[in-house]
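What follows is calculated from the coordinates using simple rules that are stated; it is not laboratory data. Since this is a predicted model, take the numbers as computed values, not measurements. Ideal geometry is used to build each Cβ from the backbone, glycine not excepted, and the neighbour counts take in all protein chains shown.
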Amino acid sequence: MRALHYESDEQLIIEAAQRDPSRFAELYEANFEKVYAFIVCRVRDRDTAQDLTAEVFHQALANLGRFEWRGLPFVAWLYRIAANAIADRWKRNGKEVPSEGLEEPSAEDGTEQRAMLFQLVDSLPEDQRLVVVRRFVDQRSIREIAQELHRSEGAIKQLQFRALQTLRGLVRSTNV
């Protein structure tokens, strides 16, 4: 799936998805990382972020027929759905909704950079990617990862080191 670069491409894909919901997958693929990054930096819990991200795309698909193209990126509509979903979750759990943090992200927010970083991690070799995800997303210790993967702690440290080196190089080359 190529990245959506032009508003007209995105508009055409939206219109196609409105006629044929099976085309929604293209919008999902193009926007998943951005929406997940938006949510995870606000809820700070991976399981909740995954649940809310699924809820956002479910609501978007269900309401796609009501979406009107106004020249804004489709992800802006998804951010609004996400902000409402986060607020609803906090209200259901009896927590006070913070007044800041639910607005649509700005360029300074870092959401685009986090989305790019997720893509870069996905491009790592399988064993390095697994170590990075277990270590930094799942927040597992080197020992736990070594036991899970049936490798020595030194091997896990080496995989983590190589993965971080690769990511640093990729980040520098893409100016994330």
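Worth a mention:
- Subtracting the Cα-Cα distance of F67 and Q119 from their residue separation scaled by 0.36 nm leaves 16.0 nm.
- Cβ-based net charge around Q18, under 11 Å, with every Lys or Arg adding one and every Asp or Glu removing one: 0
- Mean Cα-pair separation over length for the stretch 7-105, i.e. relative contact order, pairs under 8 Å, 6 or more apart, %: 29 percent
- Quotient of Cα Rg and 2.2 N^0.38 Å for the stretch 7-105, N being how many residues it contains: 1.09
- Net length gained if the chain between D88 and E126 were fully extended (0.36 nm per residue, minus Cα distance): 10.0 nm
- Here, the stretch 123-174 yields an orientationally averaged convex hull projection of 3.3 nm² when only Cα atoms define the hull.
- Farthest positive-ward along the stretch 123-174 dipole, Cα basis, beta-carbon charges - from L164, I142, L130: L164
- R0 of 22 Å, Cβ-Cβ distance R162-R46: FRET efficiency to nearest 0.05: 0.35
- Cβ-derived FRET efficiency at R0 45 Å, R143 paired with D20, nearest 0.05: 0.35
- Each of V131, V40 was scored by other Cβ atoms within 10 Å of its Cβ. Listed from fewest to most, they are V40, V131.
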